[in-house]
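For reference, the structure is listed below as C-alpha cells.
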Amino acid sequence: MASAKRKITLSPSRDIPFDRLVLSQANVRRVKAGVSIGELADDIARRTLLQSLNVRPQRTDEGAETGFFEIPAGGRRYRALELLVKQKRLAKDAPVPCIVQQTAGILAEEDSYAENAVREALHPLDQFRAMQAMVDKGAEVEAIAAYFMTTPAVVRQRLKLASVAPALHELYAEDEMTLDQLMAFTVSDDHERQVQTWELLAHSFNKSPAFIRSKLTENSVRAADKRVRFVSADAYVAAGGSIVRDLFEADDGGWLTDPALLDRLVSEKLAAIAERIGGEGWKWVEALVDFPYGATRRLRALGSSEVPMTEEEAAQVVALEAEADALSHKWADEPDVPEEVHARLEAIECEIGALADRPQIFDDAEVALAGAFVSIDYDGTIRVDRGFVRAEDEPAAEEEEVADAAEPSNDNEPDREAGADAGGEECDGSGADAEEDTLKPLPERIVSDLTAWRTLALQDAFAASPQAAFAAVLHALVLSIFYRTSHETCLKLSVSTVYFTNEPAGLRDCAPARSIEARHAAWREKLPTGDADLWDALLALDANEQAMLFAHCASLGVNAQAEILPKYPNGRISAHGVERRIVHSHVLARVVNLDVVAAGWRPTADGYFRGVTKARLLADVAEARGPEFAGMIDHLKKPDMAREAEKLLEDSGWVPEPMRTPALEAVGGDADAGHADAVPGTDEAVTGTEALGGEGDGDGDWDEMPVAAE
C-alpha cells in the first residue's frame, strides 16, 4: 500500500519589532525603479503595510541566532518604514508583520529573485475596471490619481477605456484587439454603434485606430469647424448638444454629435447679426454661412471714409506701442520668456488692431440703395461686407427716363441742323445776318467726321508711346475692376471678371482666394473714392506699384475653368473654345511656375474623391502611392474608400490631371489635339513663351520684359 503524499509546511509569520530588522546583502534589487521611497512611505502611512517582509534569522559564524532578522525580499518596504521612523510617524520598535523563512537549502538570493520575478502585473483591463469600481463607490478622480502616484488625466483615460462596450473588452482580454484600437472606440459612448463598427471591420484589411475613429465620427462635426467657432462649443452644449472627446489623440476640441442643433444655432445667430446690421439703414442684408467667392464683384461698391481717431484713441495707440516696445526690449535676450509676457504682447496687438480698424462712413442717400453681406469667415469670426448696390437698384435708369420725359421729341419735326447742313433755309425765317450774329454748335455729322480722323491720329501717336499706352490700359483695367459704372476712359478695353459656374463649396476659404481678397481690399483702400481722380492717382504710383496693380487687375480675367458644357449649344460656350483656353492657361502656368500643392490644394474626400468613381479613385491611389496601397482599400465601401484615400495621399504631392501643367517638351505635335497652336505658313507647332517671341524655353526672357511705365 502506497504511503500518503507528504504535505508541505508554510513558513510561519510573526510580528518582529522594526529595530530588530536589518537589510540583507542577498537582496538582488540594485537598480532603483518605479515608485520612490517617499511615495511608498506615504502609501504605507495611508493604508498600512499590504505585504509582509520576507526575513531570515541572522546567525553567527557558529550558527547561533543573534536575535536580529535579515531582509532578502522587501528592501524597499523596509526603507519606507525606516523613513517613517525618521519622520516620527512610526515607533522604532513598532511590530512589523514578517514571513520567517525556515526552508533549508533555499538561498536568500533565490527568495529575493522569486518575490520580484514570479509574479504577474494586473492586466490593463483589470486596471481600468478597478478604477471604475473606485469611482462607482464614491472616490474622486483627483484622489485616485494621488493614491496611485499618477495624474488625473491618466485616471480619466483609464475610466474612458472602462466605459467601452463589454463585448469589446472581452475581445481585448483575448488579445483579439489591440490597446490602440480600444482607445479609438472611446470617441463614441454608443455601445451598440461601437460593436457594429467592429463587426463591419471584421473582414476588413484596414482596422487602424484612425479608420475606427473616422467611422465613429462620420456623422459628427469637428469642434474646429468654423461654425462651431462662430457660435462657440459652450453655447452648443448649453443648448443641449453633446461633444465626444478623444482623450488619447489630439482632436481639436472633439466632435459635436448634433449637426442639426449646430446649424440652428448658427442660423439664429447670423439672423440676429443681420438684423442689427440692417438697423444701420441698408436696403437689404443677406446672411450666409458660406459667402460665394467673388460675389461682391458683380455689384457696385460704395465709396466710404474712415471715422478719424480721436486724440484719446491716438494717445492710447502710442501708449500701447511704447509698452510693447518696452516689453520686447526687456525680454529680447532672455531664453525663457514668461507666458504672461507673451499673453500681454498678444493682448496689446489685439487692442491696437481694434483701434486701427476704423468704422466706415457711407453717404446716407446711397445707404438707402445698397446692402450688406453677413457671413462666417474661415476662422469662425463674423464678416460683414457693407455698401454694395445691385444692378436693379441703380438710380441711373430712372434719371435717364426723367430726362427723356422732360425733353419730348417730335419725330415729324425736321432736323434743323440737318436742314441747315443741306443748304435749306431756317424755319424761323431769319436772314444771313441773324445767323452770323448767332454762333451755333457744329453739326453732329461734322463733329463725327472730325473726331474719326482725330481718333486715327491718336491711335498712331499712342502706338509710339508705350509708357502712355501702359498707363491708359492700366487706367481702363482699374476702372473696369474697381469702378463698375464709370465711363472715364476712351479705351474700348476692360477686364471680364471671371465668375465660376457650379462653384465648389468653401471656395472662398481656400488660401488663394483669401490672398486675392486681401490684395483686392488693400488696393481698394489705396485708390481714390471717385473715378474722376483715378488718372492722377495712377500717375502718382511708382513703376513697381503700377505693375503690381496691373497684374492684379489682369489676373481677375484669367479663366482656366473647364466649364460644364450646356446640353444644347447656345453659342456662348463651345468645347473647342474651352479647350483652346485651357491650352493657353498651361502657357501662363509655366510662365509663373504654378504649383497648386504649394498654393494649398490637397486631394480630400469631400473635395475630390467622393466625386469620382471607385475605379478612378483606385487608379489615382495606385498612381500616387503604388498598386499595393490601392489594394489596401479596394474592398471598402465608397465613403470609407474616399476617407482612406485622403489619408494615403495627404502628403504625397499628387494632383489630378486637370490641375497639372504639362511640361513644355511634352506639348506639341498635333495642334488639333489641343497641345499647340500652329503658326500660319509653317509646319511647326509653337508653344509656351516661344509663341510670345522668347528664345529657348522662354521662361528666363519673360522676366526681362518691361512691365511698367517709368
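I'm trying to understand the selection: among the residues of the range 218-247, which are on the phi > 0 side of the Ramachandran plot and open to solvent by less than 60 Å² (accessible area, probe 1.4 Å)?
Taking the range 218-247 and keeping what is on the phi > 0 side of the Ramachandran plot, we get 232, 240.
Hit for the range 218-247 is SER232, nothing else.
For a quick check of your reading: which helices (runs of 4 or more DSSP H) sit entirely within the range 616-710 and have at least 2 residues that are modelled with pLDDT of 85 or more and exposed (fewer than 15 other Cβ atoms within 10 Å of the Cβ)?
627-633
Restricting to the range 436-451, give me the number of residues that are surrounded by fewer than 10 Cβ atoms within 10 Å (Cβ to Cβ) and at pLDDT below 75. Even if it seems obvious, please write down each step before you answer.
Just the residues of the range 436-451 that are surrounded by fewer than 10 Cβ atoms within 10 Å (Cβ to Cβ), to begin with: 436-441.
Now drop any that are not at pLDDT below 75, which leaves 436-440.
Here the count works out to 5.
Give me the pairs, please: first residue somewhere in the range 356-377 and touching a residue at least 24 places away in the same chain (Cβ under 8 Å), second residue anywhere and open to solvent by 60 Å² or more (accessible area, probe 1.4 Å) and of a type in the set (Val, Ile, Thr), beta-carbon distance under 9 Å, and either six or more positions apart or on two chains.
The qualifying pairs are VAL374/ILE382; SER375/ILE382; ILE376/ILE382.
Taking ASP111 as the residue in question, decide whether it is modelled with pLDDT under 85 and over 22 Å from ALA210 (Cβ atoms). I'd like the intermediate steps shown before the answer.
Numbers: modelled with pLDDT under 85: yes; over 22 Å from ALA210 (Cβ atoms): yes.
The answer is yes for ASP111.
This table checks each residue for (1) open to solvent by 50 Å² or more (accessible area, probe 1.4 Å); (2) more than 30 Å from GLN157 (Cβ to Cβ); (3) in contact with a strand residue (DSSP E or B) (Cβ under 8 Å, 6 or more places away or on another chain).
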site	(1), (2), (3)
LEU53	no, yes, yes
GLU70	yes, yes, yes
GLY74	no, yes, yes
GLY105	yes, yes, no
GLU115	no, yes, yes
HIS123	yes, no, no
ARG129	yes, no, no
GLY138	yes, no, no
VAL141	no, no, no
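Can you list the helices (runs of 4 or more DSSP H) found entirely within the range 457-544 that contain at least 3 residues being open to solvent by 80 Å² or more (accessible area, probe 1.4 Å), under 30 Å from ILE376 (Cα atoms) and not polar (S, T, N, Q)? Please lay out each step first, then the result.
Details: elements: 466-482, 511-526, 534-540.
Correct list: 511-526.
Can you list the helices (runs of 4 or more DSSP H) lying wholly within the range 306-405 that have 3 or more residues being open to solvent by 70 Å² or more (accessible area, probe 1.4 Å)?
Values: elements: 311-331, 339-356, 364-367.
Output list reads 311-331, 339-356.
Among the residues of the range 40-51 satisfying the criterion of being exposed (fewer than 14 other Cβ atoms within 10 Å of the Cβ) and charged (D, E, K, R), which is modelled with the highest pLDDT? Steps first, please.
If we filter the range 40-51 for residues that are exposed (fewer than 14 other Cβ atoms within 10 Å of the Cβ), which is where we start, we get 46-48, 50-51.
Adding the requirement that they be charged (D, E, K, R) leaves 46-47.
Numbers: ARG46: 85, ARG47: 82.
Once the filter is applied, the top-ranked residue is ARG46.
Quick check on the range 55-68: of everything there that is open to solvent by 60 Å² or more (accessible area, probe 1.4 Å) and at pLDDT below 90, which residue is farthest from ASN27 (Cα to Cα)?
Initially, the range 55-68 is screened for residues open to solvent by 60 Å² or more (accessible area, probe 1.4 Å), giving 59, 61-62, 65, 68.
Still in the list and also at pLDDT below 90: 59, 61-62, 65.
Values: ARG59: 17, ASP61: 20, GLU62: 23, GLU65: 20 Å.
Among them, the one singled out is GLU62.
Taking the options ALA575, ALA562, name whichever one is farther than 20 Å from ARG484 by Cα, touching a Leu at 6+ places or on another chain (Cβ under 7 Å) and at pLDDT below 80.
Just one listed residue meets the conditions, ALA575.
Out of all the residues in the range 599-610, which are more than 20 Å from GLY631 (Cα to Cα) and open to solvent by less than 90 Å² (accessible area, probe 1.4 Å)?
The initial filter retains those residues of the range 599-610 that are more than 20 Å from GLY631 (Cα to Cα), namely 599-602, 606-607.
Matches in the range 599-610: ALA599, GLY600, TRP601, GLY607.
Regarding the range 248-257, can at least one residue be identified that is of a type in the set (D, E, K, R), at positive phi, within 22 Å of the chain's Cα centre (by Cα) and not in a helix (DSSP H, G or I)? Show your work before the answer.
Taking the range 248-257 as the starting set, the residues that turn out to be of a type in the set (D, E, K, R) are 249, 251-252.
Those left that are additionally at positive phi: 252.
Now restrict to residues that are within 22 Å of the chain's Cα centre (by Cα): 252.
Now narrow it down to the ones that are not in a helix (DSSP H, G or I): 252.
Scanning the range 248-257 turns up at least one residue that is of a type in the set (D, E, K, R), at positive phi, within 22 Å of the chain's Cα centre (by Cα) and not in a helix (DSSP H, G or I).
Note down all Cβ pairs under 6 Å where the first residue falls in the range 225-241 and is without any contact (Cβ under 8 Å) to a residue 60 or more places away in the chain, the second is open to solvent by 50 Å² or more (accessible area, probe 1.4 Å) and assigned to a helix (DSSP H, G or I), and they're at least six residues apart or on different chains.
Hits for this filter: VAL231/LYS269.
The values are calculated or read from the model by the stated rules, or taken from the named source; none is laboratory data. Note that the structure is predicted; figures quoted are calculated from it, not measured. Neighbour counts run over all protein chains shown; Cβ positions are idealised from the backbone, glycine included. In case anyone asks, the SASA skips ligands and DNA or RNA and just uses the protein heavy atoms, side chains included. Shrake-Rupley method; radii C 1.70, N 1.55, O 1.52, S 1.80 Å.
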